[in-house]
Amino acid sequence: MKVFVTGATGYIGGSVAERLVREGHIVTGLVRNEEKAALLKEYGVEPILGSIDDHDILTKAAQDADGVIHTASADSEGIPDVFIAALARTGKFFIHTSGSGLVNDGADGEFAAARRLTEDSYFEPIPFRMNRIKMNRTIREAGINLGIRTIVIVPSMIYGRGRGLHKESEQIPAIIRLSKQLGAAAYFGKGLNRYSNVHLDDLVDLYLLAIERAPAASLFYAENGDASFKEIAEMIARTQGFDGKTVSVPMEELIAQFGDSGRYGVASNSLVEAANAHRLGWTPKAPSLVEYFESLREHETQSHT
C-alpha cells in the first residue's frame, strides 16, 4: 500500500510513517526543503518537496497514493477540503488528526469535568475550539456523502519518544522547560484540571488499525488514562531533578505569557474515553504516564552511575 503523510517530519506523522515503512508499505511525505528530504530518506520515506499551502502538490500526492494521513496541524483550515476534493468518489482512506483540546473547558486550573466524554457524548464547545469541531464534522460528512473512507483520530495529551525527526510532543516538554526556568515543577492555578493522555506507541497502533478496519465517517478518541496537572507536576518533580519541588503558576501569568492556547492547553479539563477505538479492537499496551516518568528517572539514574 502507498500512503501519503503530511507532517512526516513531525512527532506524530514521523512516528506513523516510520511504522508504516517498517511494516512494508510505501510512504511518501511532504517536506519543505532538501535537508529534511534527506533525513526522511534515511528512514525509508520518499520525500515530496512542498508546503502545506501547495494545493496542487497535495492533490497529486493524494491521488497517487492509496490513502492520506494528515498530521501537519489539527487546525489547518482548508487543507482537509483539498484532500476531500482530491479523493472524492475513490473509496480511498483519509485520516485527519485532530486533538482532544476540542473538548476543553475554561476551568482555569479547577476540576470541572464530571465525566469522560465518549465520541457520542454531547458537550458544549468553547468558542476557541469551534473551528476544529466544524472541520471534523466536514471531514466525517465527506465520508457519508462523497465516497471517501474518512477517519478522524483525536489524540489526547501524548507522551513517549517519537520515531521521526521530532522526538518530543508539545505539552509535557513545554511544562518541563518552564519548570526548569522556575526551578520547580510547574502547574497552573490550583492544577486540579485533568487531561486524558496516551502513549505515542499506542496512538500509532490506532492509526494502523484504523487503516485496516475503520469504516467511513469514523471518529476515534485516543486515551489510556488521565491525570491532573498537579499530579503531572509531581511526576516531573520526582523524575526531572527538582527534588520533589512544585510551584503554582498564577493564571494571569500563564495567559500573559502564552495566551489562549496556553490557557486552554494546560489549565482546562479534557477528559475523553476511547469507546470507538476499543470497539475497533484497539488495546493499549505501552507504559502509563506514571510508568513512563519512572522509566525516565531510571534511565537518568543509570546514565550517571
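The values are calculated or read from the model by the stated rules, or taken from the named source; none is laboratory data. Computed from a predicted structure; not experimentally measured. Here the Cβ positions follow ideal geometry from the backbone for every residue, glycine too, while neighbour counts run over all protein chains shown.
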Notebook entry, point to check: What are the pairs, 6+ residues apart or on separate chains, where a residue within the range 201-220 that is closer than 20 Å to Ala88 by Cβ has its Cβ under 9 Å from a residue that is at pLDDT below 95 and in a helix (DSSP H, G or I)?
Noted result: none
Next item on the list: Please work out which one of (1) part of a helix (DSSP H, G or I); (2) at pLDDT 95 or above; (3) within 20 Å of the chain's Cα centre (by Cα) is the condition Gly262 fails and give its number.
Entry: (2)
Margin query: Test of understanding: among Lys134, Lys180, Lys167, which residue is out of contact with any strand residue (DSSP E or B) (no Cβ under 9 Å at 6 or more places or on another chain), under 30 Å from Glu231 (Cα atoms) and assigned to a helix (DSSP H, G or I)?
Written below: Lys180
Note to self: Contact list please: Cβ distance under 6 Å, first residue in the range 171-188 and more than 20 Å from Gly101 (Cβ to Cβ) and in contact (Cβ under 8 Å) with a residue 60 or more places away in the chain, second residue outside any strand (DSSP E or B) and basic (Lys, Arg), pairs at least six apart or on different chains.
What the structure shows: Ala184/Lys245
Item checked: Answer residue from the range 1-28, given it is assigned to a helix (DSSP H, G or I) and not hydrophobic (A, V, I, L, M, F, W, C) and is surrounded by the fewest Cβ atoms within 10 Å (Cβ to Cβ) among those -> Arg22
Next item on the list: Filter the strands (runs of 3 or more DSSP E) completely within the range 29-124 down to those with at least 2 residues that are under 28 Å from Pro215 (Cβ atoms) and without any contact (Cβ under 8 Å) to a residue 60 or more places away in the chain.
Entry: 93-97
Notebook entry, point to check: How many residues, within the range 47-59, are surrounded by fewer than 16 Cβ atoms within 10 Å (Cβ to Cβ) and farther than 27 Å from Arg132 by Cβ?
Noted result: 1
Checklist line | Exclusive hit being under 24 Å from the mean Cα position of the chain (by Cα), of a type in the set (A, V, I, L, M, F, W, C) and part of a loop (DSSP other than H, G, I, E, B), set Ala233, Ala216, Ala210 | finding: Ala216
Next item on the list: Tell me, please, whether a residue that is within 15 Å of Leu209 (Cα to Cα) and modelled with pLDDT of 95 or more can be found in the range 284-292.
Entry: yes
